[in-house]
Amino acid sequence: MFKGILIEKDEAGYRASVQDIDDSQLPEGDVTVRVSHSSLNYKDGLAITGKGPVVRKFPMVPGIDIAGVVEASDNPDYQAGDRVLLNGWGVGETHWGGLAQKARLKGDWLVPLPAAFTPQQAVAIGTAGYTAMLCVLALEKHGVKPADGEIVVTGAAGGVGSVAIAVLAKLGYTVVAVSGRPAEADYLKQLGAAEIIDRSQFAAPGKPLARERWAGAVDVVGSHTLANVCASMKYRGVVTACGLAGGMDLPATVAPFILRGVTLVGIDSVMCPRPERLVAWQRLAADLDVAKLGLISHEVSLAEAVPTAAQLMDGQVRGRVVVDVNR
Ligand code: NDP
C-alpha cells in the first residue's frame, strides 16, 4: 500500500482526497518509481479542483511532475536506485501521476534527475520552470538578444512567470513583470524584474497596434493580455505564448504580424521531444540561480496539496509549490 491523492468522479460528484492505494492498482509501465516530491502546477490545480477538464480517466492520481528513485525497472535505460525526473507526457491527466508515494511509468518519459539539482529543487522548477526555459530558448532561437530591448513577462508572480524572470534577468535581459499583485512587487524585483506593471493595463480590449515597446515576451495569460502584448511588440519582436490563465481566446488582429513582422511562438511542454527537454534542463542548471528557488518555492505535504490547489486557482499562491509526498 502507498498514499496518494486520488481524484474520483461518479454519482457522488468530483472529489480529490488522500487515500491508501494498493500497489495492484498501479497502471501499466516498465519503470516503478518511489516518488519523493511532486509539485502543483496550474494544470494540477485544474485537475484537483475540477475547474478544468484536465483529467481524462477516473480514478486518477494527479501530479504532472515527478522526482524520485527507480524501485524496479524492465527498461534497459533505468536500474533500481537511479534518480529520475518526469514532466508532462499526459501524466496526471491520462496516466497516474506524481502526487503519490509510488508511480508506474514508461521509461521513455523519464529523464535522469539533473545532477545540479536535488529532487526538491527539480520539482520547485517543475513543469512551470521547464516551460519558462522553453520560452527563453525560443526567444534565443528567434534571435532576441538583451541589447534588443525589454522583455515583458505576464502572470509574473506565478510559477512560469517567476522562473522566466529569474532566468531572463540572469541572462542579462531587462525584464518587465506584469502582475495583478502589487504586494509581490518586492518579490518580483528580487527575482530580477526592472519594473512592474499592473495587469489591468493589459486586461481590456486594446487597439490592433499600440506603442512599440517589447523586444520579446513570455505570456502565460492569453486572451486580451496576449493580444495587447502582440500589439505592443517592437518591429520583429518575438512573443512566446504558453498559457491561458486569463482565457483560452485570442481576440487579436493580424496587424502586428503583417505590419511589424512580429513572431508568435507556441510553447508546449507536455509532448516536447526528449532532446529539447534535456537541453532545457541543462540550461536551467546553467542559467537559473538555485538560491532563488528558496524565494520562488515553498513546500507542502500531500494532504495540504488539496487545499493549496484551490488557493492556486484563486491566484493566491506565489511562485511554485513543492509537494513532499512522504509527509
Ligand atoms: P500559476 O497559477 O502559478 O500562475 C499563473 C499566474 O497568472 C498567476 O499567478 C497570475 O499572476 C496570473 N493570472 C491568473 N489569473 C489571471 C487572470 N484572470 N488574468 C490575468 N492574469 C492572471 O500558473 P503556472 O505559472 O503554473 O501556469 C501559468 C499558465 O501557463 C497556465 O495557463 C498553465 O496552464 C500554462 N502552462 C502551460 C504549459 C505549456 O506546456 N504550454 C506548461 C506550464 C504551464 P499575477 O498574480 O502575477 O498577476
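Quick notes
- Residues that are outside any strand (DSSP E or B) and either of a type in the set (Ser, Thr, Tyr) or within 16 Å of the chain's Cα centre (by Cα) (or both), drawn from the range 284-312: Leu284, Leu288, Leu293, Ile296, Thr308, Ala309, Leu312
- Filter result for the condition that a residue is modelled with pLDDT of 95 or more, surrounded by 16 or more Cβ atoms within 10 Å (Cβ to Cβ) and within 15 Å of Cys135 (Cα to Cα), over Leu284, Leu302: Leu284
- Test for Arg327: is it under 13 Å from Gly159 (Cβ atoms) and open to solvent by 60 Å² or more (accessible area, probe 1.4 Å): no
- Count of residues meeting criterion [farther than 14 Å from Asp65 by Cα, within 14 Å of the ligand (Cβ to nearest atom) and basic (Lys, Arg)] in the range 309-327: 1
- Matching entry among Leu113, Leu137 (being surrounded by fewer than 24 Cβ atoms within 10 Å (Cβ to Cβ), within 25 Å of Asp268 (Cβ to Cβ) and within 14 Å of the ligand (Cβ to nearest atom)): Leu137
- Yes/no for Val270 being over 22 Å from Tyr187 (Cα atoms) and loosely packed, with under 15 Cβ neighbours inside 10 Å: yes
- Residues located in the range 224-246, provided they are open to solvent by less than 20 Å² (accessible area, probe 1.4 Å) and assigned to a loop (DSSP other than H, G, I, E, B): Ser232
- For Ala183, the conditions (1) assigned to a helix (DSSP H, G or I); (2) among the small types (Gly, Ala, Ser); (3) near the ligand (Cβ under 10 Å from one of its atoms); (4) surrounded by 24 or more Cβ atoms within 10 Å (Cβ to Cβ) are fulfilled apart from (4).
- Just one residue in the set Val153, Val144 is open to solvent by less than 20 Å² (accessible area, probe 1.4 Å) and within 15 Å of the ligand (Cβ to nearest atom); that residue is Val153.
- Selected residue (criterion: nearest to the ligand (Cβ to nearest atom)) from residues of the range 186-208 that are polar (S, T, N, Q) and in contact with a helix residue (DSSP H, G or I) (Cβ under 9 Å, 6 or more places away or on another chain): Gln201
Here is a yes/no grid of residues against (1) open to solvent by 20 Å² or more (accessible area, probe 1.4 Å); (2) within 12 Å of the ligand (Cβ to nearest atom); (3) more than 19 Å from Pro273 (Cα to Cα):
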{"residue": "Asp65", "(1), (2), (3)": "no, yes, no"}
{"residue": "Gly68", "(1), (2), (3)": "no, no, yes"}
{"residue": "His95", "(1), (2), (3)": "yes, no, no"}
{"residue": "Lys102", "(1), (2), (3)": "yes, no, yes"}
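- Unique match (being more than 12 Å from the ligand (Cβ to nearest atom) and surrounded by 14 or more Cβ atoms within 10 Å (Cβ to Cβ)) among Leu259, Leu250, Leu278: Leu250
- Leu40 being in the same structural domain as Leu312 (by TED's automatic domain parsing), surrounded by 15 or more Cβ atoms within 10 Å (Cβ to Cβ) and within 25 Å of Pro307 (Cβ to Cβ): yes
The values are calculated or read from the model by the stated rules, or taken from the named source; none is laboratory data. Note that the structure is a prediction, hence the values are computed from the model and not measured. Reconstructed Cβ throughout: ideal geometry from the backbone, glycine too, with neighbour counts over all protein chains shown. For accessibility, only protein heavy atoms count, side chains too; no ligands or nucleic acids. Shrake-Rupley method; radii C 1.70, N 1.55, O 1.52, S 1.80 Å.
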